[in-house]
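Note sheet for the following structure.
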Amino acid sequence: MSKYAIEQFVEQTKQQDRGQGLFEIETQRILEINLENQIWAKMGSMISYRGNIKFEREGILEHGLGKLFKKALTGEGAALMKATGKGKLYVADQGKKISILNLNNESISVNGNDLLAFEPSISWDIKLMRKVAGLMAGGLFNVRLEGTGMVAFTSHYEPLTLLVEPDNPVYTDPNATVAWSGNLQPDFVTYISLKTLFGRASGESVQMKFTGKGFVVVQPFEEVYYSQIQG
């Protein structure tokens, strides 16, 4: 009976090749990367690997002085590691659910703490939203990714995608906003009545407003992901 139970467990949970390509959802919360050359992943996200893979923290000047300055401001939320070699790499982030997008000369913005991995063919830049620096104890930041290739990001529980139409803007809680299409530029609105009701530091008093045509991804969880710059 004991042997059967172990065999059953192994059979139900063992790794499987699904033939999905470079990025493969091994489980809803574990990403398998079929590495052939190089990939960028969130620092500390590796949970296992097989093969000949070398891991390096991104170099201080790897992406130029501009990004170095921005990363110094935003802290460790967007810290990356470079995985190089050939093998199978497994990455995860605090048990969060993983979503994959295959960009085709497109762009997307992802909150810094929610970015899990992306191909080196994707260009990226850190965007600081300093408009809310005085409202939320630091400016929110996101990573804009564009080009052609795969991007993996995470969310607490199942994400919900809301469509934005020109005559129908979408408002979101900044701490529950995961990603949005690259053609959208969020603005921030505050409500004095909510400040009075919840207190000045409340996230509900600050909302992101998306106008235009595109989509916004939110999660059923309020995550404090903004930077630690004061004022």
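Annotations
- Förster radius 41 Å - calculated FRET efficiency between Asp187 and Gln28 (Cβ-Cβ, nearest 0.05): 0.80
- Evaluating 6.51 cos²θ - 1.76 cosθ + 1.60 at θ = phi - 60° for every residue in the stretch 26-41, the Karplus couplings come out as 6, 9, 4, 10, 10, 9, 9, 10, 7, 6, 10, 8, 8, 8, 9, 9 Hz, glycine and proline recorded as x.
- Whole-Hz ³J(HN,Hα) from phi, Karplus 6.51 cos²θ - 1.76 cosθ + 1.60, for the stretch 144-157, glycine and proline x: 8, 10, 8, x, 10, x, 9, 10, 10, 9, 10, 8, 6, 6
- Under 11 Å, Cβ to Cβ, from Ser45 - net charge with Lys/Arg +1 and Asp/Glu -1: +1
Values in this text are rule-based calculations from the coordinates and carry no lab data. Because the structure is predicted, anything quoted here is derived from the model rather than measured. Glycine gets a Cβ as well: all are built from the backbone with ideal geometry, and neighbour counts include every protein chain shown.
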